[in-house]
Amino acid sequence: MARYTGPRAKKARSLGEPIFGPSKAFEKKKYPPGQHGNTKRRKQNSDYALQLKEKQKAKYTYGVLERQFRNLFESAARKSGVTGEILLQYLEARLDNTVYRLGIAPTRRAARQLVSHRHITLNGVVTNVPSCQLRPGDVIAVKGKSQVLDTVKDNVANLKGEVRKYGWLEWNSDKMQGKFMEFPEREAIPEKINEQLIVELYSK
């Protein structure tokens, strides 16, 4: 499965957000990489540069490659409603992202690995497709034999009500399973992404 394997702290610094999760390297150097990254004189970014940066931010945040991202955008554009909001809803409805939001894995990358290694079931069926799109009512669970994995047990034990932050998800710690209740409203999605700039980029 293709994915970004480059330097994560450097990429986060270039985009100005800790897109791969909490990072001491990012907190220490909150300026772009390179020899001129920490200078006070900054070149004014063009509209295209700002739009591209938002698209890159969304892609790397959710771990989606260019073709996948364009396909999601085209699907969102075909639906009635606000295209940018629908795009973010589709990204949130990915199986790997939902496993991360439920707290089964500490990062989206770890969630993608759990799914790829067949530790997760969708509606009772084992799946290894991280990009699988969920629909309201879908049930996501840790496979029976995988529930004894130390990494899974530790993550679930450390939840402490974190899932309740996301009103579109339900979590049953006894059964180690969650439910995708509905597509989230834009204001409920915590990611700092200006989706309108992405729409403007693809509309050219």
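For region 144-163, the count of residues that are among the β-branched types (Val, Ile, Thr) and closer than 15 Å to residue 62 by Cβ is zero. When residue 119 is tested against the conditions (1) of a type outside the set (Ser, Thr, Tyr); (2) closer than 16 Å to residue 178 by Cα; (3) surrounded by fewer than 18 Cβ atoms within 10 Å (Cβ to Cβ), the lone failure is (3).
Filtering 193, 140 for residues that are surrounded by 14 or more Cβ atoms within 10 Å (Cβ to Cβ), of a type in the set (A, V, I, L, M) and assigned to a loop (DSSP other than H, G, I, E, B) leaves a single hit, 193.
Might you let me know whether region 143-152 holds any residue that is surrounded by fewer than 19 Cβ atoms within 10 Å (Cβ to Cβ), over 22 Å from residue 107 (Cβ atoms) and under 15 Å from the mean Cα position of the chain (by Cα)? Looking through region 143-152, none of the residues is surrounded by fewer than 19 Cβ atoms within 10 Å (Cβ to Cβ), over 22 Å from residue 107 (Cβ atoms) and under 15 Å from the mean Cα position of the chain (by Cα).
Scanning region 135-150 for residues that are touching a residue at least 24 places away in the same chain (Cβ under 8 Å) and more than 12 Å from residue 121 (Cα to Cα) yields a total of 4. Would you confirm, using the coordinates I've provided, whether residue 23 is at pLDDT 95 or above, polar (S, T, N, Q) and in the same structural domain as residue 194 (by TED's automatic domain parsing)? Here the answer is no, as residue 23 does not meet what is asked. Among the residues of region 92-112, are any part of a helix (DSSP H, G or I) and over 18 Å from residue 166 (Cβ atoms)? Yes - at least one qualifying residue is present in region 92-112.
Out of the residues in region 153-186 meeting the condition of being touching a strand residue (DSSP E or B) at 6+ places or on another chain (Cβ under 6 Å) and not in a loop (DSSP other than H, G, I, E, B), tell me which one is modelled with the lowest pLDDT. Among them, the one singled out is 163.
The values are calculated or read from the model by the stated rules, or taken from the named source; none is laboratory data. Model, not experiment: these values are computed from the prediction. Note: ideal-geometry Cβ built from the backbone for every residue, glycine included; neighbour counts use all protein chains shown.
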